[in-house]
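Just passing along the structure, written as structure tokens.
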Amino acid sequence: MDLSDELKDRERTAIAAFERVRALPAEYGPTAEWTDEQRAAVSEAWEQWRTAAQDAHLAITAHATATGQNRYEVEMAVKRAVRRA
């Protein structure tokens, strides 16, 4: 399956954003002890991940539609390509 660099880059961006979301709680410790700035940073990280994931999904859907391919199969091919790189 021919996948554009744009599709793979969008998936990489979403993965990196999610890794940041997962890393912050470990970095900050118990949520009850977070400062307002830390809470804002986590909220911003979640928003960045949601936006990046949405961008990746929209690009995958557009590619699948334009090429007449199954969207799920395109998404899985993108994920495999990115995770194996």
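Residues that are of a type in the set (D, E), at least 3 per element: which helices (runs of 4 or more DSSP H) completely within the chain meet that?
Passing ranges, in order: 5-28, 36-67.
Right, something else. What are the pairs, 6+ residues apart or on separate chains, where a residue within the range 7-36 that is closer than 15 Å to I60 by Cα has its Cβ under 6 Å from a residue that is acidic (D, E)?
If the second residue must be acidic (D, E), the pairs left are R10/D55.
Here is a yes/no grid of residues against (1) basic (K, R); (2) at pLDDT 95 or above:
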| site | (1), (2) |
| --- | --- |
| A16 | no, yes |
| P25 | no, no |
| T35 | no, yes |
| R39 | yes, yes |
| V42 | no, yes |
| E47 | no, yes |
| D55 | no, yes |
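Which residues, taken from the range 51-79, are free of Cβ contacts under 8 Å to residues at least 40 places away in the same chain and within 14 Å of the chain's Cα centre (by Cα)?
T51, A53, Q54, H57, L58, E75, M76
The values are calculated or read from the model by the stated rules, or taken from the named source; none is laboratory data. Because the structure is predicted, anything quoted here is derived from the model rather than measured. Note that we place each Cβ from the backbone using ideal geometry, even for glycine, and neighbour counts take in every protein chain shown.
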